[in-house]
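For reference, the structure discussed in these notes is given below.
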Amino acid sequence: VRGLRFKFGHARYRHTEIEPDGAIGTTFTNRGHDARFELLHGDAKPLTGALGLQSSRSDFAAVGDEAFLPPSRTDTTALFAFEELAAGPVSWQFGGRVERTKLAATGHSARRDDEFSGSAGGVWKLSRDYALAFSVTHTGRAPNAQELYADGAHAGTQSFELGDASLRAERSLSAELSLRRRTGFVTGAVTAFTNRFNGYIFEQPTGLVAVEHKGAWEFLPPDDDEVAEHGGGLPVYRYIQRDARFWGLEVETVWHLHDRPDWQLDLRLTADLTRARESGRDLPRIPAARTGVGLFWSTTAWSAGVESQFYSAQKRVAANETPSDRYALVSAHLSRTAEFGRLRTEVFLRGTNLANAEARPHPSFVKDLAPLAGRGV
């Protein structure tokens, strides 16, 4: 045994939503804790690792007109282990986690889910500059209270959400392969991944809108006359479960144009792409392909940089989902650090979305209502 590590956090959260006339509409509260204990073992090769225990609790309640979830308490307890075995040029890595989730919600039967997650992989040092990393992971995740019991208007996403109490645990099997370079003029990594889900849980747009009429909600087609009479409605989303597959590619490279102890100049190029489908259909709210380029300069006291992120249009959409246009976000920063005895101070100037682009991220529920913020300094 080479060490023990313990963390404990406790949080109390509360917010109240105020109606236009000043009345209290809905009050949301959440109290909970998270505790984690780890026993670290092995201070030399070939075997090092950690054994641990984690416990968490969340007491959630919503009271008021927009309480789309019943009060609930979620308790989670997990045992986990991570081990690394060095064998010549290959470092083998193994992990496992057993997790029990108990969920009790008002008006519903209590449920318990026991899930196992495990992973195996390795890092193979091909040479002084290159390494090949590979891993296979199985995960299990119990559905949360919102996925199970949502039933009502959710003001935060401007939608009407419907849960499904019959949802089972979500399980997946993933594989990842990465080629890395850590030294030289160009460093970075190229990573390919694939993930097969058994029972992937997601919110499916139904194509209907919810309209409140005489204290009750009606689900109607968007072109119904009653929808127009009420000035529109909330799109209806239903949590469903399907077998699905994700796959994609990530690239990150750093070109060290000038690399000295007193100052550095780096050019960073990035790209990532994700595809996700179920039964031959595209899944909703999947991010569009993205590329990025940035130039970063730093010395012992100064640093500066400018970066652009280019988001492609997302036309691979699910049924009843709108596509998203392409956009670019430009940001820049300049900072100065100074030390006064033991006090270290940083003064910075930072700008975001400098081109004032109209950016509507495809994963956002409210992209058709509200874009990202414009130019900011």
Run P261 past the list (1) open to solvent by 80 Å² or more (accessible area, probe 1.4 Å); (2) within 30 Å of R344 (Cβ to Cβ); (3) in a strand (DSSP E or B) and report the number of the one that doesn't hold. (3)
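Within segment 302-318, how many residues are in a strand (DSSP E or B) and either of a type outside the set (S, T, Y) or surrounded by fewer than 17 Cβ atoms within 10 Å (Cβ to Cβ) (or both)?
9
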Could you give me the residue pairs with C-beta distances under 6 Å whose first residue belongs to segment 112-132 and is without any contact (Cβ under 8 Å) to a residue 60 or more places away in the chain and more than 30 Å from K102 (Cβ to Cβ), whose second residue is open to solvent by 40 Å² or more (accessible area, probe 1.4 Å) and of a type in the set (V, I, T) wherever it lies, and which are 6+ apart or on separate chains? D129/T183
Answer yes or no as to whether Y200 is in contact with a Pro (Cβ under 8 Å, 6 or more places away or on another chain), part of a strand (DSSP E or B) and open to solvent by 30 Å² or more (accessible area, probe 1.4 Å). no
Selection from segment 227-264 of residues that are more than 30 Å from L162 (Cα to Cα) and among the hydroxyl-bearing types (S, T, Y): T253
For segment 147-180, which positions are open to solvent by less than 60 Å² (accessible area, probe 1.4 Å) and either of a type in the set (V, I, T) or more than 30 Å from A61 (Cβ to Cβ) (or both)? T157, S172, S174, A175, S178
Quick one: which of W247, W217 is farther than 30 Å from A332 by Cα, modelled with pLDDT under 95, surrounded by 15 or more Cβ atoms within 10 Å (Cβ to Cβ) and of a type in the set (F, W, Y)? W217
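Filter segment 6-44 for residues that are open to solvent by 90 Å² or more (accessible area, probe 1.4 Å) and without any contact (Cβ under 8 Å) to a residue 40 or more places away in the chain and give the result.
F6, K7, F8, H10, R12, Y13, R14, I18, P20, D21, R31
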Which pairs turn up if I take residues in segment 331-359 that are closer than 17 Å to G292 by Cβ and look for partners that are among the acidic types (D, E) with beta carbon separation below 8 Å, at least 6 apart in sequence or on another chain? S331/E307; A332/E307
Pairs, first at positive phi in segment 193-218, second surrounded by 15 or more Cβ atoms within 10 Å (Cβ to Cβ), C-beta under 6 Å, six or more apart: G199/E170; G199/Q241; G207/N320
For G156, the lone unmet condition from (1) of a type in the set (G, A, S); (2) under 20 Å from the mean Cα position of the chain (by Cα); (3) not in a loop (DSSP other than H, G, I, E, B) is (3)
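The values are calculated or read from the model by the stated rules, or taken from the named source; none is laboratory data. None of the values given here were measured: they were computed from a predicted structure. Because the Cβ atoms are built from the backbone with ideal geometry, glycine has one as well, and the counts that use them run over all protein chains shown. Protein only, heavy atoms only, side chains kept; ligands, DNA and RNA dropped before computing areas. Shrake-Rupley method; radii C 1.70, N 1.55, O 1.52, S 1.80 Å.
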